[in-house]
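Enquirer: The structure follows.
The values are calculated or read from the model by the stated rules, or taken from the named source; none is laboratory data. Since this is a predicted model, take the numbers as computed values, not measurements. Here the Cβ is made from the backbone with ideal geometry for all residues, glycine too, and neighbour counts use every protein chain on show.
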Amino acid sequence: MVPFGNRRLIGVVLDCPQQSGLEPDQVKPVIRVLDDTPPLTPSWMKFASFAASYYQRPLGEVVMPALPVSLRTVSAYEGKRSDAGPVARVDGRQKKRASQYVSHELPAEQTAQDTAALLSTPASPNLRAGRPELNEAQCNAVDTIAAAKGFEAFLLFGITGSGKTEVYMHAAATVLNRGQRVLVLVPEINLTPQLEAVLRARLEPLAGPAGVAVMHSGLSDGERLSAWLSIARQQARVVLGTRLSIFAPMDDLGLIVVDEEHDPSYKQQDGLRYSARDLAVWRARDLNIPVVLGSATPSMETWLNAQRGHYRRLDLPARARAVSMPQIRLVDTRRLPMQHGLSPQLIEAMQAKLANQEQVLVFLNRRGYAPVLHCGSCGWVSQCSRCTAFLVLHRTQPGRHRLHCHHCGWQQPVPRACPDCGDQDLEPMGRGTQRLEEYLAELFPYARLARIDADSTRRKGSAEALFAKVHAGEVDILVGTQMVAKGHDFANLGLVGVLNADAMLFSQDFRAPERLFAQLMQVSGRAGRHNGQGEVIVQTGYPEQPVYQALLRHDFEGFARHALRERESAGLPPWGHHALLACEAGDINEAIQFLLKARGQAESCIEGLSLQGIVTLYDPVPLRIVKVANVCRAQLLVEASSRPALQGLLKSWLPSISTDRPSRRVRWHIEVDPLEI
C-alpha cells in the first residue's frame with residue numbers, strides 16, 4: 001500500500017533495486033507491505049510482461065486486473081484482518097466472506113501432505129474403467145497427449161458430439177497423477193456449470209474436494225478471491241474458467257485445455273485486448289507443457305498452423321455414441337408463405353417432433369421483441385438519440401413494452417403515437433426471441449416453452465436453472481440465441497430450426513462467413529446427440545452460398561480450403577497480420593483528423609525502419625455504428641505481411657501518439673490481432 005498524491009493505492013512490487021534513481025526527497029515510504037498472500041512468481045511475471053509487450057499496454061494493465069478486486073482495493077484491508085487474507089468493511093456480508101477466506105488457509109506443509117495423499121490414491125474406478133469406453137480415435141488422442149515431452153500444441157479436431165470432453169478428462173487425469181495441475185478454458189460463463197459438474201465428478205478423486213476451482217466474471221468479489229487464493233496456495237489442482245483464467249497464478253501446470261478454441265469470446269474487447277487462446281499457447285510454450293485446442297470448427301489461424309505442422313492435429317471423426325450426424329435441410333424461403341418468420345416446412349417438422357415427444361430448439365440470434373418500431377404512415381423508426389443505431393423493442397411483461405438500445409443501454413417508454421406525424425398505429429418491424437416465443441406459444445398452446453438469451457438470464461443462477469429444466473425434460477420448445485449453440489448436451493433434442501442466418505452473409509467483416517459456419521455447425525450439433533434421429537432446418541434466401549453448401553455436407557475442411565484461398569489472395573489473416581488504431585471523440589471530424597495525423601507519424605516510422613512494402617496503412621474511416629453514447633468513433637487499420645515487422649512498427653510509432661494527443665476529448669487505443677474490423 002503506497003501514497004499516491006492525496007490517495008492510497010495498492011501496488012505490486014516488480015523489483016527491489018539497491019539504489020533509487022530519484023532524489024531522496026522524491027522517494028516516499030511504503031505505507032504497508034501486504035504479504036499475507038503468496039508472491040507472484042518470476043514465471044508469472046514473465047508471462048504478464050509478454051502480454052503487456054505484445055498487446056502494447058502498460059504492465060500494470062495486465063497485473064492489476066488479474067488480481068481479485070479485494071486484493072487491489074485499499075478499503076478491503078481496513079478493519080479486521082486474519083492470517084487468511086484481507087477482510088473488507090465489517091458488515092454482515094464481509095464477515096461471511098472473511099470466514100470463507102479463513103477456511104481456505106492451510107499451512108504449506110499440510111497442503112503438501114494432502115497433495116501427496118491424493119497422488120497415492122488409485123485413480124477412481126470411473127476413470128480406470130472408463131478407458132475402454134473410449135473409441136479408437138479418442139484413445140489415440142489421449143495417448144498422444146500423454147506422451148508429449150515438453151511443449152506441443154495439439155488441435156483436437158472433432159465433430160460435435162465426438163467426445164472431446166472425455167479426451168480432456170483422461171488427459172487431465174494423467175497430468176494429475178504426475179503431480180501437476182490442469183487449466184481448462186471455456187469461452188462463456190454459461191458453459192461452466194455443465195463442465196464443472198463433469199470435472200468434479202471425474203477428477204475430484206484425484207484433485208481432492210477443494211481441488212477444483214472455478215473463475216469467471218460472474219463470481220462475487222468474495223467468491224473470486226476465495227478461488228484465487230486456493231489457486232495461489234496450490235490447493236486447487238484443476239482450474240476451470242473463462243478467458244481471465246489464463247492469468248491464474250499457476251506455475252506447476254502440466255496441461256492447458258482451450259475448449260471451443262475458435263470462439264471470439266476468448267478475445268477481450270476493452271483494456272488489455274488480449275486473446276486468451278493465443279496466450280495459452282505462449283504460456284504452454286514458456287512452461288514447456290502441452291496445450292490442447294479443441295473445436296469442431298477451428299479458427300482459420302489454428303487450422304493453418306495445423307496444416308503447416310506447427311500444431312499437431314488429432315481427429316475425432318465420429319460421434320462418441322454410435323449415432324449419426326443430424327440431417328441438415330435448407331429451406332429456400334424466397335417464394336414461401338412465411339408465418340412470423342417460420343416456413344411451413346419448419347412448422348410441420350416441429351409438429352412431428354413434438355408429437356414424438358422430442359424437444360425442439362428454434363435458434364434466432366437476435367434478442368428482444370423486435371429490432372425496430374416503425375410508423376407505417378410517415379416512415380418514422382425508433383432511433384436512439386445517443387447512438388447511430390435503432391432502439392430495440394423489448395417486452396418487459398405481457399402487454400407492456402419498452403425501447404432499449406443494445407449499444408449504450410438507454411431505455412425509454414414506447415411512445416403513444418408517432419413523434420413525427422402523430423399516427424397511433426406504430427408497429428414492430430422484424431422479430432426477436434421475445435416475439436418469436438410469443439407466437440410459438442400461440443401456435444403450440446400445448447407445448448412448454450422456455451427462452452434462453454441475455455434478457456432471460458440476467459439474474460445470477462437463472463441460466464443454470466433454465467438449462468436444468470431443459471435437461472430434465474420440462475421444456476418442449478426452446479427458443480434461444482448463441483447461448484444455446486455450443487457445449488450443451490441435450491439428450492432429447494430432435495430438431496433445430498435456424499432463423500435469420502442470412503444476416504451474417506452481408507457483414508462487412510471478412511470473418512463473418514467463418515463465424516456463420518461455426519455457429520451453424522455448433523447449433524446443428526445439438527440435435528440427435530443420443531438417438532441419432534436429429535434434424536436441422538436452416539431457412540435461407542441464398543441456399544447456393546458456399547457456407548450453406550458446406551454445411552449440408554458437414555464439410556468443415558472444404559469450407560476452410562475455400563476461406564483460406566480467398567484470404568490468401570487478399571493478404572488477410574492468417575496470411576497477414578493486423579493492428580487497429582481506434583479513436584473516440586465528441587465530433588467525428590476531430591476523430592478523423594487525429595487518425596490522419598497518427599497515420600503521418602506511422603509513415604515516418606515505416607520509412608525509418610525500412611518497412612515499405614511490408615506494412616500497409618489504410619485510410620481512417622468511421623465505424624459502421626459511428627456514434628455510441630454521444631461519442632463518435634473511427635479507426636485506422638494497419639496491415640503487415642510479417643508479425644515481427646508489425647510489432648516493430650508499433651513499438652516505434654505508439655510513443656509518438658501518446659505524447660502528441662490534441663485534446664483530452666480524444667481517446668485512443670491500439671488493438672493487436674483484432675477480430676472485428
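Enquirer: Being more than 28 Å from the chain's Cα centre (by Cα), without any contact (Cβ under 8 Å) to a residue 40 or more places away in the chain and in the same structural domain as Gly341 (by TED's automatic domain parsing), is that true of even one residue in segment 447-469?
Expert: yes
Enquirer: Does segment 139-168 hold any residues that are at pLDDT below 95 and of a type in the set (A, V, I, L, M), and which are they?
Expert: The one that is at pLDDT below 95 and of a type in the set (A, V, I, L, M): Ile159.
Enquirer: Here's something else I'd like to know. Would a scan of segment 216-226 turn up a residue that is part of a loop (DSSP other than H, G, I, E, B), surrounded by 23 or more Cβ atoms within 10 Å (Cβ to Cβ), touching a helix residue (DSSP H, G or I) at 6+ places or on another chain (Cβ under 8 Å) and at pLDDT below 95?
Expert: Looking through segment 216-226, none of the residues is part of a loop (DSSP other than H, G, I, E, B), surrounded by 23 or more Cβ atoms within 10 Å (Cβ to Cβ), touching a helix residue (DSSP H, G or I) at 6+ places or on another chain (Cβ under 8 Å) and at pLDDT below 95.
Enquirer: Among Val498, Val538, Val484, Val547, which is over 18 Å from Gln327 (Cα atoms) and in contact (Cβ under 8 Å) with a residue 24 or more places away in the chain?
Expert: Val484
Enquirer: Restricting to segment 462-481, name every residue that is more than 18 Å from Gln434 (Cβ to Cβ), among the small types (Gly, Ala, Ser) and not in a helix (DSSP H, G or I).
Expert: Scanning segment 462-481 gives Ala472, Gly473.
Enquirer: Right, here's the next one. Within segment 1-34, count every residue that is within 29 Å of Trp282 (Cα to Cα) and charged (D, E, K, R).
Expert: Total meeting the criteria: 1.
Enquirer: If you go through segment 546-559 one residue at a time, do you hit one that is closer than 30 Å to Pro644 by Cα, within 26 Å of the chain's Cα centre (by Cα), at pLDDT below 95 and among the hydrophobic types (A, V, I, L, M, F, W, C)?
Expert: The answer is no; no qualifying residue exists.
Enquirer: Tally the residues that are surrounded by 16 or more Cβ atoms within 10 Å (Cβ to Cβ) and either of a type in the set (Gly, Ala, Ser) or in a strand (DSSP E or B) (or both), restricting the search to segment 420-446.
Expert: 4
Enquirer: For the condition under 14 Å from Ile670 (Cα atoms) and within 27 Å of the chain's Cα centre (by Cα), what is the one hit in Ala598, Ala602, Ala629, Ala579?
Expert: None of the other options fit; the residue is Ala579.
Enquirer: A further question follows. Could you pull out the residue among Arg319, Arg277, Arg313, Arg283 that is assigned to a helix (DSSP H, G or I), among the charged types (D, E, K, R) and out of contact with any Asp or Glu (no Cβ under 7 Å at 6 or more places or on another chain)?
Expert: Going through Arg319, Arg277, Arg313, Arg283 in turn, the sole match is Arg283.
Enquirer: Does segment 211-225 contain at least one residue that is in contact with an Asp or Glu (Cβ under 8 Å, 6 or more places away or on another chain) and more than 23 Å from Met483 (Cβ to Cβ)?
Expert: Yes, segment 211-225 contains at least one residue that is in contact with an Asp or Glu (Cβ under 8 Å, 6 or more places away or on another chain) and more than 23 Å from Met483 (Cβ to Cβ).
Enquirer: Let me ask something else about it. If a residue has to be surrounded by 13 or more Cβ atoms within 10 Å (Cβ to Cβ) and closer than 23 Å to Val74 by Cα to count, how many in segment 32-47 make the cut?
Expert: 7
Enquirer: Could you please give the count of residues in segment 188-219 that are touching a residue at least 24 places away in the same chain (Cβ under 8 Å) and closer than 20 Å to Ala465 by Cα?
Expert: So the answer is 17.
Enquirer: Give me the pairs, please: first residue somewhere in segment 1-22 and closer than 25 Å to Thr41 by Cα and free of Cβ contacts under 8 Å to residues at least 40 places away in the same chain, second residue anywhere and surrounded by 11 or more Cβ atoms within 10 Å (Cβ to Cβ) and not hydrophobic (A, V, I, L, M, F, W, C), beta-carbon distance under 6 Å, and either six or more positions apart or on two chains.
Expert: Val2/Gly11
Enquirer: Further, regarding this structure: Just for segment 295-310: of the residues that are of a type outside the set (Ser, Thr, Tyr) and assigned to a loop (DSSP other than H, G, I, E, B), which one is surrounded by the most Cβ atoms within 10 Å (Cβ to Cβ)?
Expert: For segment 295-310, the residue satisfying everything is Pro298.
Enquirer: Follow-up. Just give me the residues in segment 324-358 being assigned to a loop (DSSP other than H, G, I, E, B), more than 27 Å from Glu474 (Cα to Cα) and among the charged types (D, E, K, R), in sequence order.
Expert: Those that are assigned to a loop (DSSP other than H, G, I, E, B), more than 27 Å from Glu474 (Cα to Cα) and among the charged types (D, E, K, R): Arg334, Arg335.
Condition check ((1) closer than 23 Å to Ala48 by Cα; (2) in contact with a Phe, Trp or Tyr (Cβ under 6 Å, 6 or more places away or on another chain)) across all residues:
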site	(1), (2)
Pro264	yes, no
Ile289	yes, no
Gly294	no, no
Thr297	no, yes
Arg308	no, no
Leu316	no, no
Arg321	no, no
Ser324	no, no
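Enquirer: Residues of segment 557-583 being in contact with a helix residue (DSSP H, G or I) (Cβ under 7 Å, 6 or more places away or on another chain) and either of a type in the set (Phe, Trp, Tyr) or not in a helix (DSSP H, G or I) (or both), which ones?
Expert: Matches in segment 557-583: Phe559, Pro573, Pro574, Trp575, His577, Ala579, Leu581, Cys583.
Enquirer: Here's another thing I want to ask about it. Condition test on Ala213, is it under 20 Å from the mean Cα position of the chain (by Cα) and small (Gly, Ala, Ser)?
Expert: Here the answer is yes, as Ala213 does meet what is asked.
Results for (1) buried (at least 19 other Cβ atoms within 10 Å of the Cβ); (2) out of contact with any helix residue (DSSP H, G or I) (no Cβ under 9 Å at 6 or more places or on another chain); (3) within 19 Å of Thr433 (Cα to Cα); (4) charged (D, E, K, R), shown as yes or no for each residue.
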| residue | (1), (2), (3), (4) |
| --- | --- |
| Gly341 | no, no, yes, no |
| Glu348 | no, yes, no, yes |
| Val360 | yes, no, yes, no |
| Phe363 | yes, no, yes, no |
| Ala370 | yes, no, yes, no |
| Val381 | no, yes, no, no |
| Thr388 | no, yes, no, no |
| Val392 | yes, yes, yes, no |
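Enquirer: List the strands (runs of 3 or more DSSP E) that sit entirely inside segment 598-677 and contain at least 3 residues that are within 11 Å of Leu581 (Cα to Cα), polar (S, T, N, Q) and touching a strand residue (DSSP E or B) at 6+ places or on another chain (Cβ under 7 Å).
Expert: Passing ranges: none, list empty.
Enquirer: Give all pairs with beta carbons closer than 7 Å in which a residue from segment 593-620 that is within 15 Å of Gln647 (Cα to Cα) meets a residue that is of a type in the set (D, E, K, R); count only pairs at least 6 apart in sequence or on separate chains.
Expert: Partner pairs satisfying both residue conditions: Thr616/Glu639; Leu617/Arg599; Leu617/Glu603.
Enquirer: Residues that are modelled with pLDDT of 95 or more and either of a type in the set (Lys, Arg) or under 30 Å from Asp36 (Cβ atoms) (or both): does segment 295-311 have at least one?
Expert: yes
Enquirer: Suppose we filter segment 227-270 for residues that are touching a Lys or Arg at 6+ places or on another chain (Cβ under 9 Å), assigned to a helix (DSSP H, G or I), crowded, with 24+ Cβ neighbours inside 10 Å and of a type outside the set (Phe, Trp, Tyr); how many remain?
Expert: Total satisfying the criteria: 2.
Enquirer: Among the numbered criteria (1) at positive phi; (2) in contact (Cβ under 8 Å) with a residue 24 or more places away in the chain; (3) not hydrophobic (A, V, I, L, M, F, W, C), which single criterion is violated by Gln345?
Expert: Result: Gln345 fails condition (1) only.
Enquirer: Report whether or not Leu314 is surrounded by 20 or more Cβ atoms within 10 Å (Cβ to Cβ) and at pLDDT 95 or above.
Expert: So Leu314 fits the description; yes.
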